[in-house]
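The values are calculated or read from the model by the stated rules, or taken from the named source; none is laboratory data. Keep in mind that what you see is a predicted model, and the values were worked out from it rather than measured.
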Amino acid sequence: MDVKDLKKIVQIMNDNDLVEVEIEEDGKRLRLRKPDAAAAPVIATLAGGIPGVVPAPIPVPAAAPAAGEPAAAPAGDEAGTHTITAPMVGTFYGAPSPDADVYVQVGAKIGPESVVCILEAMKVMNEIKAECSGEIVKICVQNAEAVEYGQPLYIVKT
């Protein structure tokens, strides 16, 4: 299951006011729940993985704006720029391995399907795609730095 699948599940939960969802697939179980349905974000915990390891909660996106409301741009977005933010909590890696070239650097041209980095979460390497077109004008984090959900990773001139 990848980040896009998790986002879809969370959106369904938020759209339908669900407090908890449990999915079992290939002997692994994923349970998403809101500990305090009124205030807390949805968190994910995995079961059936490595014995004895209790994974940390993973914050996931809140509900989308209601119909007619404009979506808020990430803080710091200037006209003609887009901020690529971390879709999850994890460790940022700018290259596929320590001895490989970085995915992108300042000045690189990217498209929506361009892989810009890897975020490691719970020993899983997640490729992060740009989801926009443009030119990288700023890299906001250092290699091997821990990042939070929603933290800016790159600024792109669109």
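Looking only at segment 131-158, residues that are over 15 Å from the mean Cα position of the chain (by Cα), more than 16 Å from Gly80 (Cα to Cα) and among the polar types (S, T, N, Q) come to 2 in all. Among the residues of segment 20-34, the one identified as in a loop (DSSP other than H, G, I, E, B) and closer than 21 Å to Pro87 by Cα is Lys34.
Glu78 meets the conditions (1) within 18 Å of the chain's Cα centre (by Cα); (2) closer than 27 Å to Val137 by Cα; (3) at pLDDT below 80 in every case but one. The failed one is (1). For the condition on the phi > 0 side of the Ramachandran plot and modelled with pLDDT under 95, Gly150 qualifies.
Every listed requirement among (1) in a helix (DSSP H, G or I); (2) at pLDDT 80 or above; (3) polar (S, T, N, Q) is met by Asn14 save one, (2).
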